[in-house]
Structure formats: C-alpha cells, structure tokens
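The values are calculated or read from the model by the stated rules, or taken from the named source; none is laboratory data. Note that this is a predicted model, so its numbers are computed, not measured. So basically every Cβ, Gly included, is an ideal-geometry build from the backbone, and we count neighbours across all protein chains shown.
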Amino acid sequence: MTAFSLEPAQLAWCAELRTLAAERLRPLADKGEPGRVNRALVAELGGLGLLGRLFTSGALDLCLMRESLAYACTEAETALALQGLGAHPVHAYGTPAQRTRWLPGVTDGTAIAAFALSEPGAGSDAAALELRAEAEADASPGGRTAAGTALTAPAAGAPLTAAPDGAARWRLTGEKCWISNAPEADFYTVFARTTPGAGARGVTAFLVPADRPGLTGRGLDMLSPHPIGALGFDAVPVTADDVLGEVDRGFRVAMGTLNLFRPSVGAFAVGMAQAALDATLAHTAGRDAFGGKLKDLQTVAHQVAEMALRTEAARLMVHAAASAYDADDPDVPRRSAMAKLLATETAQYVVDMAVQLHGARALQRGHLLEHLYREVRAPRVYEGASEVQRGIIAKESYARQEAR
C-alpha cells in the first residue's frame, strides 16, 4: 500500500464504517443535545470497537475512520476524535498506573476524555500559556526534594495528603478556554506552566480527574454542536503521579499529540467535503434549469469539477501525511501542517460552493449542507489555526533548505 492508493480491504472497511455511521450512530446523534456530551453515542462507539482502535491502529487508520464517520455522521466522528485527543497523551506518555486507571474506560466509552491546552490569552501561541503550576513549599518543580532524595506520591486520583519525604506537589491556578468536552469530561490532559519565563520549555502535562477540588467548569454557547467549555483552576492539587511524561517537557506531549491528530482533522474535513460534493452531484444531475439539467451548464460543471479536484487533492495530502507519521518520517510536522491546512481550507470551499449550487434549500434548518456549513468552520481554527499551519510549513521548509 502506498500513500496514493488504498487496499481493497481498507476500501471495504471505509464503506462498512459509513454504513455503521448512517444506520447505528446517526440515530443516537440525533437524540443528543447540542453542546452536551452524548454518552450514549460514545458508548456505542466503544461497543463497536472503534474507540479501542484509537490506540492500536496507525495514523492512516485513524484518518480513514474519521473521514468515513464524518461522511455520514459528523457528531460520531467528533466524539471519537475527542476521546483520542484527550487520551492519547495518557496512552503515549502516561505511566502504567495512569493507563490502567483511565484507558479501559476511554476504550469502552464510559470515561470521557478532554485535551486542555488553549487559554483565553494563549490559543494559537500554545507556548505562551499562563495556567500556573505552583510547587508547594516542601517540593521543587524539578521533581526532587531540597535534599535531593527521590520523590514519591500517592496513587493517581488519590486525595492530596502531606508527605513526610516532600513528594512533588503543585497547585494549578488559572483558566482554560475553548476545551472540547468541557465541563463534562471525566478527566483532562492539562498543560500548565511549571517554570515561569521558560516558554515552551517550562510547561508540564498533568492528568487531572474532573473531581479534583478547586476544578470548576462552564459550557460555552458555540457555533459547533459538540460540547465546548471553559475550566477554572483554583489551587487544584496535583502530584508527581499526575505528570504525563516529564516535568517541564509537556510541550513535547502537546506537539506529539497534535502531530498525530492534525492530519486526521484533515480527514474529518475531507469527509465533510465528500458528503457535500456527493450531495451536489445528485442535486445538479436532477435539478431542471434553463431547458435542461443544472449539470449541463458549463459554469456549474466547472465548479463541480473544481470541488472534486480539491477534495481528492486534500485526501491524498492527508494520506501522505498519515503514512509519513506511521513510517516515523522526520518530516511529520511539515506534512501534518500541510494536510490540516489544505484539507480544512478545501472543505470550507467545497461546502460553501455546494450551498451556492443548491440555493436557498441548503440554508434550511436540518438540511445536510446547513449542518455541514456550521461544522466546517471550526477545523480551520482548532488544533492550530490555518495561519499557524502556514507558519509551521514555512519554518520547516527553511530548516530543510538549510540542512541540504
């Protein structure tokens, strides 16, 4: 298999996923409440074994899942993706105890995960985040006591108690904003500043259960139908056992997660673009206009051709980026940024053009394109806005040139 073609088994799996999404997931999504976690839908994703594949499959399989689900049920796609985004840091960087405690629930759909990176003043510039992780007096941020002895901490999720050996403990203070699945998630991957003034080098990732004292949240009324909220941290206690990866190396956790999920955001976008394109093909082939069918007008035919061209180009870019990730290619950051940028911008264009060719009917509440028009805007912003992706592409391209 290359990045430019799929095996028959993969194509059959994608078709099966589209059918599952339409027949089993779409009815559950329709029963959900906008802006709230649809636990029945998440549980069904777990029962179908799709959540488990988040941690056993490669990046290309993740992209195929997201595109196929998005084609028939964007809510199911997003529910699956958010479980992966929130829990991937635990899977990839967590301790055995952290993985044992949380990943089975994520896999079967009973534990809701969330990725808490963005802040009111630190969205695209993730290195500028200000949520403070202040070390308690009996421990240093570096993870050892003043005497240099090794640290110990209670089991993950246990209440904070005094430790005679000065185990590493912090208090999280500040705010996170625009966090998907907040405030209803069962646990959060939270990125906080452990070393002031150190930029990206002073950030630590913590696994924070939702029931920690001092952690509060509120929902935000957003254009997208999936849950998004803000979190408040009022001296929320965390310990060494809550650290994901290493102290002051949390930015690596964040970027490692985003490098995997950015191409799959592109796959989500491609799924929406394909759904809009197929709806347009059906509409223009059947719509009477000016003595013939709408598709017979050269202007319309050329617009549809452009939609098809861009959708296929975006799909190939997504597959190439995912294949590079699976091959551990050092060019992953550039390719991931390219895939997300091209696919999300393409989907915006294709859905907008589909609305234009459908006319007023596409703007009616409940129409597929009305739904896609609301869904397609957010991916150009989250997990790094389009402008951020262009910056990454330029930076990595110059670095490649200098290395030659």
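The set of residues in the stretch 44-103 being over 15 Å from M272 (Cα atoms) and of a type in the set (V, I, T) consists of T56, V90, T95, T100.
For the stretch 359-391, a residue qualifies if it is farther than 21 Å from V253 by Cα, under 19 Å from the mean Cα position of the chain (by Cα) and aliphatic (A, V, I, L, M), and the qualifying residues are L372, V376, A378.
Annotation note: of E387, E312, E402, the sole residue that is farther than 30 Å from L117 by Cβ, of a type in the set (D, E) and surrounded by fewer than 17 Cβ atoms within 10 Å (Cβ to Cβ) is E312. For the stretch 48-102, a residue qualifies if it is in contact with a strand residue (DSSP E or B) (Cβ under 7 Å, 6 or more places away or on another chain) and outside any loop (DSSP other than H, G, I, E, B), and the qualifying residues are L82, Q83, L85, G86, A87, P89, V90, Y93, Q98, W102. Criterion applied to P89, P27, P34, P8 was being modelled with pLDDT of 95 or more and surrounded by fewer than 18 Cβ atoms within 10 Å (Cβ to Cβ), and the one residue passing it is P27. Take the stretch 1-47 and flag every residue that is in a helix (DSSP H, G or I) and either of a type in the set (S, T, Y) or in contact with a strand residue (DSSP E or B) (Cβ under 7 Å, 6 or more places away or on another chain) (or both). T19, the sole residue that qualifies. One residue alone among L363, L294 is surrounded by 17 or more Cβ atoms within 10 Å (Cβ to Cβ), at pLDDT below 95 and over 22 Å from R66 (Cβ atoms), and that residue is L294. Counting only helices (runs of 4 or more DSSP H) wholly contained in the stretch 266-381, the ones carrying 3 or more residues that are hydroxyl-bearing (S, T, Y) occupy 298-326, 332-358. From the list G250, G266, G271, the lone residue that is touching a Phe, Trp or Tyr at 6+ places or on another chain (Cβ under 7 Å), touching a residue at least 12 places away in the same chain (Cβ under 8 Å) and over 30 Å from T95 (Cβ atoms) is G271.
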